[in-house]
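Asker: Would you mind keeping the following structure in view while I ask a few things?
The values are calculated or read from the model by the stated rules, or taken from the named source; none is laboratory data. None of the values given here were measured: they were computed from a predicted structure. Cβ: placed from backbone, ideal geometry, glycine included. Neighbour counts: every protein chain shown. Just so you know, the surface numbers come from the protein's heavy atoms only, side chains and all, with ligands and any DNA or RNA stripped out. Shrake-Rupley method; radii C 1.70, N 1.55, O 1.52, S 1.80 Å.
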Amino acid sequence: MLFLAVFSGLVYSTVGAEMSGTLTDVWDYAESYLLSVWQNRFYVYSTAAVLTGVWFIINMLFKEKKTVSPVNPSLYKSAKKQELSPETEKDIHVSGVKVFYGSQTGTAKGFAKELAEDVSSRGIQCEVIDMKEYDPDDRLSEECTSKMICVFLVATYTDGQPTESAEWFCKWLEEASTDFRYGKTYLMGIRYAVFGLGNSVYVGHYNTVSKNIDKWLWMLSAARIMTRVEGDCNVVKSRHGSVQADFQAWKSKFLSRLQALAKGEKKACSGKCKKGSCKNKKKHKEEAEDSHSLAEKNSEEELMESSSDAESSAEEEKSHGSVIDMEDLGNVMNQMKKAKRMEGDEEESQRVKLSKQNGVRKSESEEERREMITPALRDALTKQGYKLIGSHSGVKLCRWTKSMLRGRGGCYKHTFYGIESHRCMETTPSLACANKCVFCWRHHTNPVGTEWRWKMDPAEKIIQEAMENHRNMIRQFRGVPGVRPERFEEGLTVKHCALSLVGEPIMYPEINSFLRLLHQQNISSFLVTNAQFPEEIRNLVPVTQLYVSVDASTKDSLKKIDRPLFKDFWQRFLDSLRALGEKQQRTVYRLTLVKAWNVDELKAYSDLIALGQPDFIEVKGVTYCGESSASSLTMANVPWHEEVIYFVQQLANLLPDYEIACEHEHSNCLLLAHHKFKVDGEWWTWINYERFQELIQEYEESGGTKSFSAMDYMAKTPRWALFGARERGFDPLDTRFQRKNKTKDISGC
């Protein structure tokens, strides 16, 4: 032990002396180093801050990658399948497009085929499907996993109802959207786009079907790939000038969106989102909340409309059924209030517009108004033989004009009133109409409207071009076999003008100027109106003969047959009949009988006749003009001539002041005349046209103070035109021609 102690003392003394010197050197070095660091402390702090920031960022990135968000079980299964077979279509984002259409007149069907061609030309499979041939109950859920894009091109029909072909599809979709057995995620996975076809003139029913389909699909968790677009047949309100132009604009956007989806691209974020909250996701939360509240309240689609500007993407599908954060509740409520306020302003604007009827000048300048005839409409009417004038008028050669040129007989107006059919020009200053009658022989190719909102051509231009076009059509019969030379020469001079071609002539704001110009050229005027513009009837200058179409005798049947645009159509109808009764010149009710629609309304018809007290009542069986998707009318609705006679006889028994005067079997038409036109036992239903021209000239020269009545220009009716005559209304100076293969009645006005 002693040895160890001595040895340790020696070692310590030796090493200690050396360490003492070393420690002194280290302390001097450390002191100089620390002094240098302190002098450069700014750089040291900066370096430390940068390193700390880099460490923090790296740490957060690794932490985010490790975070696992809840996954839908169905999505988890599909992910597992992809893991098991990574080769199966992992790069295919769009397998194809299915275009569903619901069409009544064929427009939506044409759009569907056009879209399919454009999609196919881009190398994407496309299928066109008629909704009536598709069972959504069995097949629609398959689209959730097919990676197909579903496109819906749907038209809105009468009273906001779907077309016949889309009726079942819409009914199923509506029921499924509120049926708990399907669940609100039943169609999750479907990607869709909607384009609607409608007419904004139908206030309250505009594009209802497309809005509903969009709403119901969204309620079932289907995802929009783009905003719904509403095509408008009303050229005044249409965003691009016509429903065709609206479709072209929408199609261009859809094809661009489709190409982006096919490449796997998603809608880019605007970059304005708050931390942890995407603006687009928030919008769709609001949409989902709004949609479900709508379903509970059974309201239409007010809030859906306010939210339909947002587009869906794959990520946004996760937001269906999400609960809105309390911090976002204020924004949601503000957006709902804003949507209701905007809709209220729009409805008020519509009421103001409806209160200002035809003839009232609007605030917009003439340059801002659009033309009534769109290019597509121009093509359709031209193919039907119309000679279009300016932007809203037309003329066409009546088949009775051709018939009388050949000596094959004239129309019923020749039999009833002495019109020379080969000298009659059928025209209109307004192709637009306020009704869409089921028996319209123009197949609804003409536009509709409740007031004049288009560009307007002067009356002088319309008459001049109408007469020139009419003469050119007459000249085409020069040398045609059977045409009588004397009648050909007479036909080149227009003596009568039937304003009954198509549309509503009385809508034209300068109709009175138009009529005066006709009378100045010694042309008689026969104007037909659909009894929806009572004030215009009251303000109308005297015409040779004024017609009102009385297509039904009750409110329900009139709505079913005429399909009027006005909501107060029945009151307007009755008021128009009263206005007709105030006229002193010749007035006529035109009754069109449609079997199984209005032939059983005798008492109601007699009440309407008592209201307007017309001079004459024309009763005509409906003319069948071939199949039309716009109308359900068939040959079964055309009454036989004997049935028309029976109806008129029954009607005459209820009208003590009227009696059957004339008959035109060829047109399936009879004439009831007031007893005042039966002088000394003989009928005077014909018109003294020379006398009328004298009377109207005196009226104009006196400034309207020297008026005249229907009795002042009547003429005696020939015996062959009377009811019960052997000729049955056919002029004995002509030769009746029977068609060998008469497949349909193509009789004219």
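Asker: Would you pick out the residues in the range 238-265 that are among the basic types (K, R), crowded, with 16+ Cβ neighbours inside 10 Å and at pLDDT below 90?
Answerer: none
Asker: Something else about it: Just the residues that are in contact with a strand residue (DSSP E or B) (Cβ under 7 Å, 6 or more places away or on another chain) and part of a helix (DSSP H, G or I), please, taken from the range 398-412.
Answerer: Residues satisfying the conditions are T401, Y412.
Asker: For the range 567-580, which positions are open to solvent by 20 Å² or more (accessible area, probe 1.4 Å) and not charged (D, E, K, R)?
Answerer: Within the range 567-580, W570, Q571, L574 qualify.
Residue-wise test of (1) under 29 Å from S200 (Cβ atoms); (2) of a type in the set (A, V, I, L, M, F, W, C); (3) within 32 Å of the chain's Cα centre (by Cα).
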| position | (1), (2), (3) |
| --- | --- |
| N435 | yes, no, yes |
| N469 | no, no, yes |
| N472 | no, no, no |
| Q476 | no, no, no |
| R484 | no, no, no |
| T493 | no, no, no |
| L501 | yes, yes, yes |
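Asker: Mind listing whichever residues of the range 64-119 are modelled with pLDDT of 50 or more, among the aromatic types (F, W, Y) and outside any strand (DSSP E or B)?
Answerer: Within the range 64-119, just F111 meets the criteria.
Asker: To continue, here is another question. Looking at R191, R181, R228, can you tell me which residue is among the basic types (K, R), without any contact (Cβ under 8 Å) to a residue 12 or more places away in the chain, open to solvent by 10 Å² or more (accessible area, probe 1.4 Å) and within 26 Å of E142 (Cβ to Cβ)?
Answerer: Of the residues listed, the single one that is among the basic types (K, R), without any contact (Cβ under 8 Å) to a residue 12 or more places away in the chain, open to solvent by 10 Å² or more (accessible area, probe 1.4 Å) and within 26 Å of E142 (Cβ to Cβ) is R181.
Asker: Tell me, yes or no, whether the range 686-701 has at least one residue that is in a loop (DSSP other than H, G, I, E, B) and either within 24 Å of K620 (Cα to Cα) or modelled with pLDDT under 95 (or both).
Answerer: no
Asker: Right, something else. Kindly evaluate G198 against the criterion of being open to solvent by 40 Å² or more (accessible area, probe 1.4 Å) and small (G, A, S).
Answerer: In short, no.
Asker: Let me ask something else. Starting from residues that are at pLDDT 95 or above, of a type outside the set (K, R) and assigned to a loop (DSSP other than H, G, I, E, B), keep the ones in the range 710-724 and report whichever is nearest to Q520 (Cα to Cα).
Answerer: Here the residue is T717.
Asker: Let me ask something additional. Among all residue pairs at least 6 apart or on different chains, which show Cβ distances below 9 Å where the first residue, located in the range 652-670, is surrounded by 23 or more Cβ atoms within 10 Å (Cβ to Cβ) and the second is assigned to a helix (DSSP H, G or I) and among the basic types (K, R)?
Answerer: Once the first residue is surrounded by 23 or more Cβ atoms within 10 Å (Cβ to Cβ) and sits in the range 652-670, its partners that are assigned to a helix (DSSP H, G or I) and among the basic types (K, R) give H664/K413.
Asker: When the range 670-685 is examined, which residues are found to be under 28 Å from W640 (Cβ atoms), touching a helix residue (DSSP H, G or I) at 6+ places or on another chain (Cβ under 7 Å) and either in a helix (DSSP H, G or I) or not aliphatic (A, V, I, L, M) (or both)?
Answerer: Correct list: W683, T685.
Asker: Being at pLDDT 85 or above, surrounded by fewer than 20 Cβ atoms within 10 Å (Cβ to Cβ) and not in a loop (DSSP other than H, G, I, E, B) is the filter here, so list the residues in the range 135-163 that pass it.
Answerer: Those that are at pLDDT 85 or above, surrounded by fewer than 20 Cβ atoms within 10 Å (Cβ to Cβ) and not in a loop (DSSP other than H, G, I, E, B): P136, R139, S141, E142, E143, C144.
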